[in-house]
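I'd like to ask some things about the structure below.
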Amino acid sequence: MTMKNDPTTARSIGLFGGTFDPIHTAHLMLAERAREELALDAILFMPARIPPHKAHLGGIAPPECRVTMIELAIESNPCFHLSRHEIEREGISYTVDTLRYLREAYPGAELTLLIGGDNAADFRNWREPQEIVRMAKIGVWARPSFALPEEVLIGTGYGRIEAPLMELSSTQIRARVALHRSIRYMTPDPVVEYIETNGLYRS
Ligand code: ATP
């Protein structure tokens, strides 16, 4: 087992929120690029309980399954950590509330919110975007088929994270499992095994 660094001593922390249903190789590669390019000491993978923009959709795997898959996927990286904060909170989690919590939990750390261009496009409609920008820096990366919405982020002091474009999504993985197709290398081997063993996404 890899010894993890202690996130409470981190001076810079990246918050990586998502549904992670399941976590996949693009998430991991992007988090590692963000860690390196923005010199982050720790990345917190924070699975959402009910993400605001997906709350109306069914079929999200139980929180404990998504959590376990993240743990399996990040096991070997000492800077990657799981946060159960949103999973354990009642109801919808808003980024602004999560950042407030992180400021209390990690008072010495500078926070960076990590988001893909597809999510960032909607940034101005999030709850209290001004507060978000006051509490955290923003690190944004491009996603294939989505323009990077730099105009939305002007004035936020965002940093751009350069990484290879990967046309990969959790939706594709779920669809392939349902069709009994291989998902090997789309997500780390232990996650592939977990999905098989627990019969996730079969229908
Ligand atoms: P789904 O297909 O279920 O909508 P997803 O693959 O988009 O899931 P999420 O957990 O919703 O995964 O994504 C979390 C974050 O990772 C988002 O900010 C999203 O922009 C980003 N992201 C996910 N996949 C990619 C990718 N292939 N390239 C760039 N960014 C990505």
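The values are calculated or read from the model by the stated rules, or taken from the named source; none is laboratory data. This one's a predicted model, so the numbers in the text were calculated from it and none came from an experiment. Neighbour counts are summed over all protein chains in view; Cβ atoms, including those assigned to glycine, are modelled from backbone coordinates with ideal geometry. Only protein heavy atoms, including side chains, enter the accessible area calculation; ligands, DNA and RNA are left aside. Shrake-Rupley method; radii C 1.70, N 1.55, O 1.52, S 1.80 Å.
Restrict the check to region 47-64 and report whether at least one residue is under 24 Å from N125 (Cβ atoms) and acidic (D, E). Steps first, please.
Residues of region 47-64 that are under 24 Å from N125 (Cβ atoms), as a first pass: 47-58, 60.
Add one more test, that the residue is acidic (D, E), and what stays is none.
No, every residue in region 47-64 fails to be under 24 Å from N125 (Cβ atoms) and acidic (D, E).
Separate question: Could you check region 86-101 and list, in sequence order, the residues that are in a loop (DSSP other than H, G, I, E, B) and open to solvent by 40 Å² or more (accessible area, probe 1.4 Å)?
To start, the set of residues in region 86-101 that are in a loop (DSSP other than H, G, I, E, B) comprises 89-94.
Passing the criteria: R89, E90, I92, Y94.
Hey, among the residues in region 190-203 that are touching a helix residue (DSSP H, G or I) at 6+ places or on another chain (Cβ under 9 Å) and open to solvent by 30 Å² or more (accessible area, probe 1.4 Å), which one's farthest from V67 (Cα to Cα)? Steps first, answer last, please.
Within region 190-203, the subset touching a helix residue (DSSP H, G or I) at 6+ places or on another chain (Cβ under 9 Å) is 190-191, 193-196, 198, 200-203.
In the following step, the residues that additionally are open to solvent by 30 Å² or more (accessible area, probe 1.4 Å) were identified as 190, 193-194, 196, 198, 202-203.
Details: P190: 13, E193: 15, Y194: 12, E196: 16, N198: 14, R202: 19, S203: 21 Å.
Across region 190-203, the extreme among qualifying residues is S203.
Exactly one condition in (1) within 20 Å of V191 (Cβ to Cβ); (2) crowded, with 19+ Cβ neighbours inside 10 Å; (3) of a type in the set (A, V, I, L, M) is not met by A136; state its number.
Evaluating A136 over (1) within 20 Å of V191 (Cβ to Cβ); (2) crowded, with 19+ Cβ neighbours inside 10 Å; (3) of a type in the set (A, V, I, L, M) leaves (1) as the failure.
Still on this structure, I have one more. Residues in region 25-48: is at least one modelled with pLDDT of 95 or more, within 9 Å of the ligand (Cβ to nearest atom), over 16 Å from P188 (Cα atoms) and buried (at least 20 other Cβ atoms within 10 Å of the Cβ)?
Yes: region 25-48 contains one or more residues that are modelled with pLDDT of 95 or more, within 9 Å of the ligand (Cβ to nearest atom), over 16 Å from P188 (Cα atoms) and buried (at least 20 other Cβ atoms within 10 Å of the Cβ).
Within region 1-24, count every residue that is open to solvent by less than 30 Å² (accessible area, probe 1.4 Å), more than 9 Å from the ligand (Cβ to nearest atom) and among the hydroxyl-bearing types (S, T, Y).
Of the residues in region 1-24, 1 are open to solvent by less than 30 Å² (accessible area, probe 1.4 Å), more than 9 Å from the ligand (Cβ to nearest atom) and among the hydroxyl-bearing types (S, T, Y).
If the requirement is being within 15 Å of the ligand (Cβ to nearest atom), among the charged types (D, E, K, R), surrounded by 19 or more Cβ atoms within 10 Å (Cβ to Cβ) and free of Cβ contacts under 8 Å to residues at least 60 places away in the same chain, which of these qualifies: R143, R160?
On the way: R160 fails: surrounded by 19 or more Cβ atoms within 10 Å (Cβ to Cβ).
Residue meeting the stated conditions: R143.
Turning to a different aspect of this structure: Looking at region 182-197, which of its residues are within 16 Å of the ligand (Cβ to nearest atom) and either farther than 15 Å from H24 by Cβ or not in a helix (DSSP H, G or I) (or both)?
Residues satisfying the conditions are I183, Y185, M186, T187, P188.
Also: Find all pairs meeting these conditions: Cβ atoms under 7 angstrom apart; at least six residues apart or on different chains; first residue within region 63-83 and open to solvent by 30 Å² or more (accessible area, probe 1.4 Å); second residue among the charged types (D, E, K, R).
P63/R49; P78/K4; L82/E71
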